[in-house]
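Read through the structure below, which is laid out as structure tokens, and then see the notes.
The values are calculated or read from the model by the stated rules, or taken from the named source; none is laboratory data. All of these numbers come straight from a predicted model, not from anything done at the bench. Quick reminder, even Gly has a Cβ in these numbers, built from the backbone with ideal geometry, and neighbours come from all protein chains shown. We work out accessible area using only protein heavy atoms, side chains counted, and drop any ligands, DNA or RNA first. Shrake-Rupley method; radii C 1.70, N 1.55, O 1.52, S 1.80 Å.
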Amino acid sequence: MRAVDVIRAKRDGHPLEPGRIRWLVDAYVNGEVGDDQMAAFAMAVFFRGLAAPELTELVTSMIASGDVIDLAQVPGRKVDKHSTGGVGDKVSICLAPLVASCGVSVPMISGRGLGHTGGTLDKLAAIPGFRTDIDGERFRGLVADHGLALAGQTERLVPADRKLYALRDVTATVESIPLIAASIMSKKLAEGIDGLVLDVKVGSGAFMKTRADAEVLARTMIDIGTSMAKTVRAVLTNMDRPLGRAIGNANETWEAIEVLKGAGPSDVVALTVELGAEMLVVGEVASDLDEGRAMMRRAIADGRGLDRLRALVEAQGGDVRALDRRDAMPVAAHETVIEAPMKGLVTGFDTEAIGRAAMLLGGGRARSTDMIDHAVGIELLVRPGDAVERGRPLAKVDYNDAGRLESSVSTFLRGVRIGPGPVAPAPLVLGRLP
Ligand code: URA
């Protein structure tokens, strides 16, 4: 087989014969096919897409490029959640222990943040000592003992995606729905799950800016899961505003802990309950969403979710004092407030700009090699619909490096829309699939 023939067939829109994609992925991972030809293939897919059998073959080949975690010996259903990425999205940290405490195991492998979006792994790293670099055996043990594990991707999990994603990043081929779907689903399906709930974000802070694109991505991922006998459900949620008040790392982890104490911001609580209810239905411990929601609310009220996270933090080597005291996690040296430049109504946000403002403080990465400052962040003090006077604080900023402040503040101010109104109500949950 020759890579050039596979590329040409895809370029010209011909269906690829079975086995072609598997050969290409294998040859790419073991170095027989180079970045040049794989980039050409990715670009051909960008323009031509992939038919369902081609996509299934791509996903199965990517999964087969590394280890698959075998959780068959762990009793009960194993269900994970994946979010397509947003600003202020700390939900995984409170969701996973709550769902585990309701009887569904959550083997969760998370990623690091890049650009304006944060990553669960960076937020968890704010807990001193918390280890997320755990191997498959230890991961399995944590799921068996605690009903959950919160870990990062190892070198051995879907190495094809690691290599291909880095290539897509520098060849303008990230924004391809079949390639995004294959990348996400290959990593999730390698976790040994029975089911998956997808939080597909829509709006100015999301990968998918329109509901139509979000629906296509959600359907593509559901179809991949279904073709592998997994139960996959998707919730389309609003990312036209940051989720909750905190944007950063330690501050977001603290906000997620507050959810477990019954004191979280209402939108973070609402999304946690919705996604948890879906997971409990997929995990077959709740007969419908209403029952799932009630179970989630009880697990918050009686502190079971918090107990579960405390046990896991201890098991993964973290300092459990971080669950009780904000100052047990990194705290920035300085704080200031950003004031409203004019009187009016807060009509909305350019959420990407708000995420970028937190990144510019050092709370995120412009490049994948950048270091994160876990202490810094932004606390939003206004929501859409709030009336503000000139000079009213819009946000509190925790910072360490004064040299980063100016660009962060000006980016933040570009991201807040103040005007005469009116402000249309924006639901958090925009739709569900299938
Ligand atoms: N997240 C992933 O894991 N892969 C993509 O391709 C895009 C977002």
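Could you check how many residues of the stretch 11-53 are in contact (Cβ under 8 Å) with a residue 60 or more places away in the chain, open to solvent by less than 50 Å² (accessible area, probe 1.4 Å) and in a helix (DSSP H, G or I)?
6
Looking only at the stretch 109-132, which residues are of a type in the set (A, V, I, L, M, F, W, C), in contact with a strand residue (DSSP E or B) (Cβ under 9 Å, 6 or more places away or on another chain) and within 14 Å of the ligand (Cβ to nearest atom)?
ILE109, LEU121
How about the stretch 89-108: which of its residues are under 21 Å from THR231 (Cα atoms) and within 15 Å of the ligand (Cβ to nearest atom)?
Matches in the stretch 89-108: SER92, MET108.
Limited to the stretch 107-141, what total is found for residues that are within 15 Å of the chain's Cα centre (by Cα) and over 20 Å from LEU309 (Cβ atoms)?
6
Which residues, taken from the stretch 194-212, are more than 11 Å from the ligand (Cβ to nearest atom) and open to solvent by 20 Å² or more (accessible area, probe 1.4 Å)?
Once the filter is applied, which keeps residues that are more than 11 Å from the ligand (Cβ to nearest atom) and open to solvent by 20 Å² or more (accessible area, probe 1.4 Å), the stretch 194-212 yields ASP194, SER204, LYS209, THR210, ARG211, ALA212.
Count, please, the residues in the stretch 287-323 that happen to be open to solvent by less than 10 Å² (accessible area, probe 1.4 Å) and farther than 23 Å from LEU121 by Cα.
Residues in the stretch 287-323 being open to solvent by less than 10 Å² (accessible area, probe 1.4 Å) and farther than 23 Å from LEU121 by Cα: 3 in total.
Can you pull out the residues in the stretch 388-401 that are surrounded by 14 or more Cβ atoms within 10 Å (Cβ to Cβ) and of a type outside the set (Phe, Trp, Tyr)?
VAL388, ARG392, PRO393, LEU394, ALA395, LYS396, VAL397, ASP398, ASN400, ASP401
Suppose we keep only residues that are farther than 22 Å from VAL282 by Cα and buried (at least 22 other Cβ atoms within 10 Å of the Cβ) within the stretch 64-88. Which one would you say is nearest to the ligand (Cβ to nearest atom)?
Top of the filtered list is GLY86.
Failed condition for ALA333, given (1) within 30 Å of GLY385 (Cα to Cα); (2) more than 26 Å from the chain's Cα centre (by Cα), with all others met?
(1)
Which of the residues that make up the stretch 168-180 are more than 8 Å from the ligand (Cβ to nearest atom) and part of a helix (DSSP H, G or I)?
ASP169, ILE177, PRO178
Assess whether GLY348 counts as being within 22 Å of LEU124 (Cβ to Cβ) and either outside the structural domain of GLY244 (by TED's automatic domain parsing) or touching a strand residue (DSSP E or B) at 6+ places or on another chain (Cβ under 6 Å) (or both).
When the stated conditions are applied, GLY348 does not pass them.
Against the condition more than 23 Å from SER105 (Cβ to Cβ) and at pLDDT below 95, how does LYS209 come out, does it pass?
It is true that LYS209 is more than 23 Å from SER105 (Cβ to Cβ) and at pLDDT below 95.
Among the listed residues GLU191, GLU255, GLU215, GLU284, identify the single one that is open to solvent by less than 40 Å² (accessible area, probe 1.4 Å), more than 16 Å from the ligand (Cβ to nearest atom), of a type in the set (D, E, K, R) and not assigned by TED's automatic domain parsing to the domain that holds ILE378.
GLU255
Under 7 Å between Cβ atoms, which residue pairs at least 6 apart in sequence (or on different chains) link something in the stretch 394-419 that is within 13 Å of GLU335 (Cα to Cα) and outside the structural domain of SER204 (by TED's automatic domain parsing) with a partner that is outside any helix (DSSP H, G or I) and of a type in the set (Gly, Ala, Ser)?
Close Cβ pairs satisfying both conditions: ASP398/ALA332; ASP398/ALA375; ASP398/GLY377; TYR399/ALA332; ASN400/ALA332; ASN400/ALA333; ASN400/ALA375.
Is there any pair with a first residue in the stretch 137-165 that is within 16 Å of the ligand (Cβ to nearest atom) and a second that is open to solvent by 10 Å² or more (accessible area, probe 1.4 Å) and assigned to a strand (DSSP E or B) whose Cβ atoms are under 9 Å apart and which are 6 or more apart or on different chains, and what are they?
That search, which allows pairs on different chains as well, returns ALA151/ILE109; ALA151/SER110; GLY152/ILE109; GLY152/SER110; GLN153/ILE109; GLN153/SER110; THR154/ILE109; LEU157/ILE109.
Can you pull out the residues in the stretch 402-422 that are open to solvent by less than 70 Å² (accessible area, probe 1.4 Å) and touching an Asp or Glu at 6+ places or on another chain (Cβ under 9 Å)?
GLY415, VAL416
Looking at the stretch 151-179, which of its residues are open to solvent by 10 Å² or more (accessible area, probe 1.4 Å) and among the β-branched types (Val, Ile, Thr)?
Those that are open to solvent by 10 Å² or more (accessible area, probe 1.4 Å) and among the β-branched types (Val, Ile, Thr): THR154, VAL170, THR171, VAL174, ILE177.
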